[in-house]
Amino acid sequence: MTKPVIGVLGASGAVGRAAVRELRALGHTGLRLGGRTVSTLRAVAEEGPAGHDETVWADADAPDGLRAFTEGCDIVLNCVGPTYRLRATVASAALAAAAHCVDVAGDDPAAEDLRAAGDPARDGRTVVLSAGALPGLSSLLPRWLAGQGLDGTSALTAHCGGLETCSPTVAHDLMLSLTSGGADGAAYGEALAAVRGGRRVPRALRTAEDTEHRSFPGRVALQPYLSQESERLATVLGLDRLDWYNVHPGPAVRALLNQLPGRLAAGDDPAELAGRLILAADLDLAGRKPWYVMDFELSGTASGRPAIAGLTLRAASSYRLTAAVGALAVDAVLRAGVPAGVHFACDVLDPEAVVRHLREGNVADLRPTGAAVGADRVEEGVL
């Protein structure tokens with residue numbers, strides 16, 4: 001039986017290179033590696049023990065090159081951005097080539113474009129969006145936590161952030177997310193907003209510029225931000241209250257982030273600001289090891305009584321977390337574990353399988369607390 005052709009677009013980048021390793025660990029070989037730097041693609045290909053990976057020059061901004069890359073693929077894993085500029089560009093090219101697609105980002109704007117163009121399910125094709133760390137794990141982990149010792153959920157407090165390099169894709173997406181990226185061209189989310197009474201409430205929270213949190217080393221800034229993914233999560237879990245904080249431990253990045261909304265409103269060049277963000281992240285990381293943390297505290301009931309279940313994830317890189325989720329989504333689609341159509345990863349991936357992979361693959365350290373401790377131990381024993 002012929003093995004499916006998996007195309008990894010952006011295979012020479014931080015996420016793409018890690019995704020190639022994750023796919024190989026899941027048993028997938030003979031990959032098609034696409035990117036703009038051929039020498040780096042060859043180096044990635046040479047890491048494979050079988051030595052059967054194909055390298056193809058490809059640029060998401062070049063329609064002919066993108067078409068040549070997707071042609072003949074059974075599924076395409078997109079690891080390039082910026083997400084809010086590309087939207088559904090790569091997914092549409094994959095569908096035109098009769099291939100499935102998984103995008104490690106590509107959230108609401110991409111879903112809008114794809115559904116407006118017609119349901120891929122009519123042709124038996126599947127597109128999985130937001131198959132990364134944030135968005136992606138940011139909704140999968142709370143869903144997993146809700147099943148660990150709780151019989152009902154009412155409130156969630158989340159803190160996510162770390163100290164690591166800032167890729168050009170992340171930097172440019174951050175610029176675009178402040179002014180666009182959400183449904184119908186709206187902002188991707190709303191700073192300071194939170195969920196109260198099951199609905200979005202503007203300016204419900206405040207930024208803490210210099211504080212501490214038990215799961216993060218040193219002094220950090222806590223920036224409240226309610227994304228569309230978080231709002232959907234609140235609906236799925238039936239939450240009355242949701243507080244989400246982006247955590248910024250580096251002083252140089254914190255200082256620049258405070259200036260960004262005003263700079264963009266004043267007409268400063270987003271590309272120049274993105275470059276400054278990359279340099280600020282490098283300055284904060286100088287002489288230190290990178291790290292990334294996701295911390296969740298879910299309130300609800302256990303056996304009819306008030307209870308709290310917590311989970312803290314620690315990893316060396318959010319990029320590898322994103323790569324792991326993307327690879328798992330590809331694997332799930334190829335195993336026919338995802339129905340045809342357009343989906344967000346958190347709605348179609350099995351949270352238990354994702355957590356198991358993160359643990360067994362040493363991708364991250366996950367520590368449950370509260371009501372989740374006993375339930376997680378029982379589940380590990382069953383597995």
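The values are calculated or read from the model by the stated rules, or taken from the named source; none is laboratory data. Keep in mind it's a predicted model, so treat the numbers as computed, not measured. Positions of Cβ are backbone-derived with ideal geometry, glycine not excepted, and every protein chain shown enters the neighbour counts. Side chains are part of the model used for accessible areas, which takes the heavy atoms of the whole protein and leaves out ligands, DNA and RNA. Shrake-Rupley method; radii C 1.70, N 1.55, O 1.52, S 1.80 Å.
GNM remark for the chain: springs join alpha carbons under 10 Å apart, and the peak mean-square fluctuation among Asp64, Asp282, Asp107 falls on Asp64. Gain on full extension, evaluated as 0.36 nm per residue between Thr29 and Arg219 minus their Cα-Cα distance, stands at 64.0 nm.
Taking GluC sites (Glu not before Pro) across the range 1-52, the ones in a DSSP loop with at most 14 further Cβ atoms lying within 10 angstrom of their Cβ are Glu47. Loop-located GluC sites (Glu not before Pro) across the range 222-302 with a Cβ neighbour count of 15 or fewer within 10 Å are lacking, with loop assigned by DSSP.
How would Ile278, Ile6, Ile308 line up by accessible area, probe 1.4 Å, largest first? Intermediate results must be reported in sequence, preceding the final value.
Working: Ile278 40, Ile6 5, Ile308 85 Å².
The most accessible residue leads, giving Ile308, Ile278, Ile6.
If R0 is taken as 51 Å, the Cβ-Cβ distance between Arg232 and Glu46 corresponds to a FRET efficiency of 0.80. Overall dimensions of the range 76-150, expressed as equivalent-ellipsoid semi-axes from the Cα gyration tensor (√(5λ), whole Å, largest first), are 25, 14, 10.
Result for the chain in a Gaussian network model with C-alpha springs under 10 Å: among Ala286, Ala58, Ala97, the largest mean-square fluctuation is at Ala286.
This model, with +1 at the C-beta of Lys and Arg and -1 at the C-beta of Asp and Glu, gives the range 81-121 a dipole about its Cα centre of some 140 debye. Spin-label pair Ser167-Arg288: with each label point 7 Å from Cα along the Cα-Cβ axis, the two points sit 2.2 nm from one another. For the chain, the fraction of 1.4 Å probe accessible surface lying on carbon and sulfur atoms is 51 percent. Across Gly27, Gly147, Gly48, mean-square fluctuation computed from a Gaussian network of the chain (C-alpha pairs under 10 Å connected) peaks at Gly27. Cα centroids of the range 291-354 and the range 24-42: 25 Å apart. Accessible surface computed residue by residue for the chain, with neighbouring protein chains in place and a 1.4 Å probe, gives 42 Å² per residue.
Per residue, the convex hull spanned by the Cα atoms of the chain amounts to 146 cubic angstrom. Given their separation in residues at 0.36 nm each and the Cα-Cα distance between them, Asp59 and Arg122 gain 19.9 nm when the chain is fully extended.
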